[in-house]
Amino acid sequence: MVVKKKKKSLIKKTTRLEKEIDQLTNKWKRALADYQNLEKRIEQEKKQFVKFSTAALIDKLLPVLDSLEKAGEHLKDDGLEMALEQFKEVLKIEGVEEIKVQGKKFDPLLMDCQEVVKGKKDQVIKVVQKGYLLNKKVLRPAKVMVGRDEKGGK
């Protein structure tokens, strides 16, 4: 009888310990999954931070590019043209591309209308300032003059 009680006691203890092991195993698995998710989230945040930092720096460099391009138009210097091409190549490698808008239909997602002038309706007549994309997202919209119609009416 004493043996039966000890056996029942051992079975209960074993069952209780197995439940505890299952509970601890589940908690451990959840903690591991949470940790792995945290690692992924931190990695994404790092990438976003780098992209944001890159965008901020490139945005500061674009006025310099504008000035160099204007100087290149007036000076017609081969050395300046080479430097400009190198500068543009570096920007391209970083994911920057110019938004080509001349003669295209006005798109408010890519362009800012600076003035409405005589010309073909809703077409870009003149680019006031170039616009740029960074990794397919607008970094700086193009500033343009848009036509209202051929006759100059509204």
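In the set (1) at negative phi; (2) exposed (fewer than 14 other Cβ atoms within 10 Å of the Cβ), the condition left unmet by K76 is number (1).
The number of residues in segment 54-76 that are polar (S, T, N, Q) and over 15 Å from V138 (Cα atoms) comes to 1.
Here V138 fulfils each of the conditions (1) under 25 Å from the mean Cα position of the chain (by Cα); (2) loosely packed, with under 13 Cβ neighbours inside 10 Å; (3) outside any helix (DSSP H, G or I) apart from (2). Just one of the listed residues (L62, L24) is touching a Phe, Trp or Tyr at 6+ places or on another chain (Cβ under 8 Å) and surrounded by 10 or more Cβ atoms within 10 Å (Cβ to Cβ), and it is L62.
Would you say K88 is modelled with pLDDT of 95 or more, of a type outside the set (A, V, I, L, M, F, W, C), out of contact with any Phe, Trp or Tyr (no Cβ under 7 Å at 6 or more places or on another chain) and within 23 Å of P141 (Cβ to Cβ)?
Here the answer is yes, as K88 does meet what is asked.
Consider I125 carefully, then state whether it is of a type in the set (V, I, T), more than 27 Å from K60 (Cβ to Cβ) and crowded, with 18+ Cβ neighbours inside 10 Å. So I125 passes the test.
The values are calculated or read from the model by the stated rules, or taken from the named source; none is laboratory data. These numbers were taken from a predicted model, which means no experiment stands behind them. No Cβ is skipped: glycine too gets one built from the backbone with ideal geometry, and neighbour counts run over all protein chains shown.
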